[in-house]
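Asks: Let me begin by handing over the structure; questions about it come next.
The values are calculated or read from the model by the stated rules, or taken from the named source; none is laboratory data. Computed from a predicted structure; not experimentally measured. Heads up, the Cβs are rebuilt from the backbone with ideal geometry, glycines too, and the neighbour counts pull from every protein chain shown. Surface accessibility is based on the protein's heavy atoms, side chains included, excluding ligands, DNA and RNA. Shrake-Rupley method; radii C 1.70, N 1.55, O 1.52, S 1.80 Å.
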Amino acid sequence: MVPLSKRLFAETFGTFWLVFGGCGSAVLAAAFPELGIGFLGVSLAFGLTLLTMAYSIGHISGCHLNPAVTIGLWSGGRFPAKDIAPYIIAQLVGAVIAAFILLQIASGQPDFVLAGNGLAVNGFGEHSPGGYSMTAALIIEVVLTLGFLIVILGSTDTRAPSGFAPIAIGLSLTLIHLISIPVTNTSVNPARSTGPALLVGGLALQQLWLFWVAPIVGALVAGVAYRGLIGDPPPPPVTGEPL
């Protein structure tokens, strides 16, 4: 078992990489149409940051990088309750550091304004890229987090092909962003939402509750559903017992 201190450092750095890479692509690159990355580029950036970290630190901490994932894995019987709080704190620290560094870089551009979606904050209503309502945001964040956790639980199941889980999980996050960037700017991750919201403040901070509640609800449902409907593989029969 890897010591908790090393696992927490891995979660801090991994979440930093996710937020800095994903939100950074939106703030620094997608803001300039001539670069041409658009929604597709931002979606790929989030997926690639998760995929690279899954291969880099998955064997150390499990590469959660997301409070909803940590809670969903606990709900699915894959993670101990005693480590939930330390993991979430580490993830939040990484997200806040990433948002702070991103702000320092973005502020070097003369036209940058820290308002609205200035740090790729999540939101609904006037903070939704497509003007989607709170109800729409709540539904899509629950459904997509639920699907994300099913992919994670399934691809890391002992019955799944070995070594391919990071690819499935990274591509899943890419798909999630392709679907929901117009609706909420895509969260499915309370830490990713919290880092930018704390620095932007105002309406972004007022709407932050939804990006905690919805992903956690989706993750809890996914964990219970996977364990109850699909379940773990049965233990092998004891030698001498009839099959």
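Asks: Would you kindly derive the ³J(HN,Hα) couplings of segment 71-78 from the backbone phi angles with the Karplus curve 6.51 cos²θ - 1.76 cosθ + 1.60 (θ = phi - 60°), listing them in order in whole Hz, with x for Gly and Pro?
Replies: For segment 71-78, the Karplus curve yields 5, x, 5, 4, 4, x, x, 10 Hz.
Asks: To check my understanding: the extent here is largest minus smallest coordinate of the Cα atoms along each principal axis. What are those three numbers for segment 1-86, in Å, largest first?
Replies: Cα spread of segment 1-86 along its principal axes, largest to smallest: 48, 23, 19 Å.
Asks: Across segment 217-230, in residue order, what do the Karplus-derived ³J(HN,Hα) couplings come to in whole Hz, using 6.51 cos²θ - 1.76 cosθ + 1.60 with θ = phi - 60° and x for Gly and Pro?
Replies: 4, x, 5, 4, 4, 4, x, 5, 5, 5, 5, x, 9, 9
Asks: Oh, and also: If you average the C-alpha positions of segment 58-112 and of segment 192-225 separately, how far apart do those two centres end up, in angstrom?
Replies: 12 Å
Asks: In addition: How do 188-197, 220-229 rank on mean C-beta neighbours within 10 Å, highest first?
Replies: 188-197, 220-229
Asks: Non-local amide H neighbours of Y132 (under 5 Å, H modeled in plane, Pro and chain starts lacking H): which ones?
Replies: Residues meeting the amide H criterion: G125.
Asks: Counting only heavy atoms of the protein chains, get the accessible area per residue of the chain (1.4 Å probe) and round it to a whole Å² value.
Replies: Value for the chain: 46 Å² per residue.
Asks: Right, another one. Just to verify a number: what accessible area does M53 come out at with the full protein assembly present, 1.4 Å probe, Å² rounded to tens?
Replies: About 10 Å², rounded to the nearest 10.
Asks: In whole percent, how big is the carbon plus sulfur part of the accessible area of segment 78-118, probe 1.4 Å, protein atoms only?
Replies: The nonpolar share, carbon plus sulfur, comes to 71 percent.
Asks: Let me ask something else about it. For S133, S155, what's the largest-to-smallest order of accessible area, 1.4 Å probe?
Replies: I get S133, S155, largest accessible area first.
Asks: When all protein chains stay in place, what accessible area (Å², nearest 10, 1.4 Å probe) is found for I139?
Replies: The accessible area comes out at roughly 100 Å².
Asks: Here is a follow-up. I'd like the accessible area for W74, computed on protein heavy atoms only with a 1.4 Å probe and all protein chains in place. Round to 10 Å², please.
Replies: 110 Å²
Asks: Is the chain best put as rounded, prolate or oblate by its Cα gyration tensor, with a ≥ b ≥ c the root eigenvalues, rounded for a/c under 1.5, and otherwise prolate when a/b is larger than b/c, oblate when not?
Replies: prolate
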